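Working notes, beginning with the structure itself.
The values are calculated or read from the model by the stated rules, or taken from the named source; none is laboratory data. This is a predicted model, so every value here is computed, not measured. Note that we place each Cβ from the backbone using ideal geometry, even for glycine, and neighbour counts take in every protein chain shown.
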Amino acid sequence: MMNNMTKTPQRIVVVGDAFVLPETMEQALRESAICCGEILKCFWGSPDKQEFTVRQLRVERGGPEAVPYADGLDEAIAAADVLVTHFCPVPRSLIDKAPRLKLILTCRGGVEHIDLAAASARNIPVINVIRNAEPVADFALGLMLSLTRDIALSCAYLKERGEWSKSFYNSPFLMTLNSHLVGLAGLGNVGIALARRLKALGVPMIAFDAYTSLERLEKSGLGDIELVDSLETLFERSDIVSLHLRLTPETEHTIGANYFSRMKKTAYFINTARGGLVDQPALTAALRRGDLAGAALDVFDAEPLAPDDPLLRMDNVLVTPHIAGTTVDAIPQSPFMLLREADRFLKQGVCNRVVNAADITLEAE
């Protein structure tokens, strides 16, 4: 029973990786309301962060069966009451090997790595955490400013070429940020966080999100954002399109020529969401044709980006190596944020981060 977890010692398995260490997970658990008994630590993959990125992309696109889970987890999970993971896959086969398992905690917002149907079939709550909405929103705003005002480009000209340049590809239509209409494609946690920043700067916005409502925006203090009827309309009207959709089999590679061809020739495209959302060759071709003015990209269809990728040779493209959410107070410390959510659930029975809540019977103290 869930209400015993704060009173009776729980056998816990934590699975860390190159970005979230098992020792940090253990520390967060020791400071939580969960009554910790034995804590067994496993490590998924290697300490190499590039290798982690390759695994991450495979899991995001292929689910919990796409990549093997951590060595030693078969044995460790057999008597576990609680499983804490970051990105290590949790497939049905692993859940089936854990007859005592009562709770799964993950240190991230996405749950592509967990077989939610298998957890729900066992009435096991899965709790996640929104850990990087704020840093990603900061980064997206930074990309907008850098791209539209040529901050990174002028720096590269000066440092790499020694050019004291004051004229760039977009000089004929250079404007302040609040003279642009920003279109938010997706109003999840990152989209909302970015919208709050843009509103504070007086930037006009439109948005498209099939799952949000004007009521939700009003509760977030963003009731003045215009919701448009389609992504096509958003791409047509916006001076800057910022992508914040989730990557699913239905959305993979859907942002392609059909959308880029609708953009203003003076408009910009920003992607801090998922590289797999975008038809990257179509974006490259659109930029070459001048269908849009420029792009700023932190995520790519394949990572790391190939050294000969044409995007690297375009002055109107700003690229960064998937670092939008990487801050010392976000990913590495996410176990503490996660356990605060778990504590709310165990102590109060209230937590909007139980991702499979609709499919299970919740029991908490």
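Can you tell which of L57, L73, L29 is touching a residue at least 12 places away in the same chain (Cβ under 8 Å) and under 25 Å from A357 (Cα atoms)?
Of L57, L73, L29, the one residue that is touching a residue at least 12 places away in the same chain (Cβ under 8 Å) and under 25 Å from A357 (Cα atoms) is L29.
Which members of segment 125-162 meet the condition of being within 21 Å of G16 (Cα to Cα) and more than 13 Å from the chain's Cα centre (by Cα)?
P125, V126, I127
Residues of segment 351-363 being out of contact with any Lys or Arg (no Cβ under 6 Å at 6 or more places or on another chain) and of a type outside the set (D, E), which ones?
Once the filter is applied, which keeps residues that are out of contact with any Lys or Arg (no Cβ under 6 Å at 6 or more places or on another chain) and of a type outside the set (D, E), segment 351-363 yields N352, R353, V354, V355, N356, A357, A358, I360, T361, L362.
Test of understanding: among A358, A282, A306, which residue is under 23 Å from T148 (Cβ atoms) and either touching a Phe, Trp or Tyr at 6+ places or on another chain (Cβ under 9 Å) or not polar (S, T, N, Q) (or both)?
Selected residue: A282, the only one of A358, A282, A306 that is under 23 Å from T148 (Cβ atoms) and either touching a Phe, Trp or Tyr at 6+ places or on another chain (Cβ under 9 Å) or not polar (S, T, N, Q) (or both).
Out of all the residues in segment 334-357, which are surrounded by fewer than 17 Cβ atoms within 10 Å (Cβ to Cβ) and in a loop (DSSP other than H, G, I, E, B)?
G349, V350, N352
Report, by residue number, each residue of segment 205-227 that is within 20 Å of Y268 (Cβ to Cβ), touching a helix residue (DSSP H, G or I) at 6+ places or on another chain (Cβ under 8 Å) and surrounded by fewer than 19 Cβ atoms within 10 Å (Cβ to Cβ).
I206, the sole residue that qualifies.
If you check D298 against the conditions, is it closer than 28 Å to E252 by Cα and in contact (Cβ under 8 Å) with a residue 12 or more places away in the chain?
When the stated conditions are applied, D298 passes them.
Here are some residues: L214, L198. Which one is in contact with a Pro (Cβ under 9 Å, 6 or more places away or on another chain) and not aromatic (F, W, Y)?
Answer to the selection: L198.
Table: residues versus (1) of a type in the set (A, V, I, L, M); (2) not in a loop (DSSP other than H, G, I, E, B).
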position	(1), (2)
F235	no, yes
N258	no, yes
K265	no, no
F269	no, yes
A273	yes, no
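Out of the helices (runs of 4 or more DSSP H) lying entirely within segment 1-117, which hold 2 or more residues that are modelled with pLDDT of 95 or more?
Output list reads 22-30, 73-77, 92-96.
Quick one: K97 ticks every box in (1) crowded, with 16+ Cβ neighbours inside 10 Å; (2) within 24 Å of I34 (Cβ to Cβ) bar one, so which box is it?
(1)
Considering segment 292-323 alone, what residues qualify as being surrounded by 14 or more Cβ atoms within 10 Å (Cβ to Cβ), modelled with pLDDT under 95 and hydrophobic (A, V, I, L, M, F, W, C)?
L305
Looking at A302, A330 in this structure, which one is assigned to a loop (DSSP other than H, G, I, E, B) and touching a Pro at 6+ places or on another chain (Cβ under 6 Å)?
None of the others qualify; the one that does is A330.
Residue under question is L362, and the condition is that it be in contact with a strand residue (DSSP E or B) (Cβ under 7 Å, 6 or more places away or on another chain) and farther than 23 Å from A273 by Cβ; does it hold?
So L362 passes the test.
With respect to V67, determine if the residue is β-branched (V, I, T) and under 17 Å from D17 (Cα atoms).
Criteria met by V67.
Might you let me know whether segment 261-270 holds any residue that is under 28 Å from E60 (Cβ atoms), in contact with a His (Cβ under 9 Å, 6 or more places away or on another chain), crowded, with 19+ Cβ neighbours inside 10 Å and not small (G, A, S)?
yes
Would you mind stating whether A195 is touching a residue at least 12 places away in the same chain (Cβ under 8 Å), outside any strand (DSSP E or B), under 24 Å from the mean Cα position of the chain (by Cα) and over 17 Å from A296 (Cα atoms)?
yes
If you go through segment 228-266, how many residues are closer than 19 Å to R197 by Cα, small (G, A, S) and touching a helix residue (DSSP H, G or I) at 6+ places or on another chain (Cβ under 7 Å)?
Number satisfying all stated conditions: 1.
Pairs only if they're at least six apart or on different chains, beta carbon under 6 angstrom, first in segment 303-327 and at negative phi and small (G, A, S), second surrounded by 18 or more Cβ atoms within 10 Å (Cβ to Cβ) and not in a loop (DSSP other than H, G, I, E, B); list them, first residue then second.
A324/V136; A324/F139; G325/P135; G325/V136
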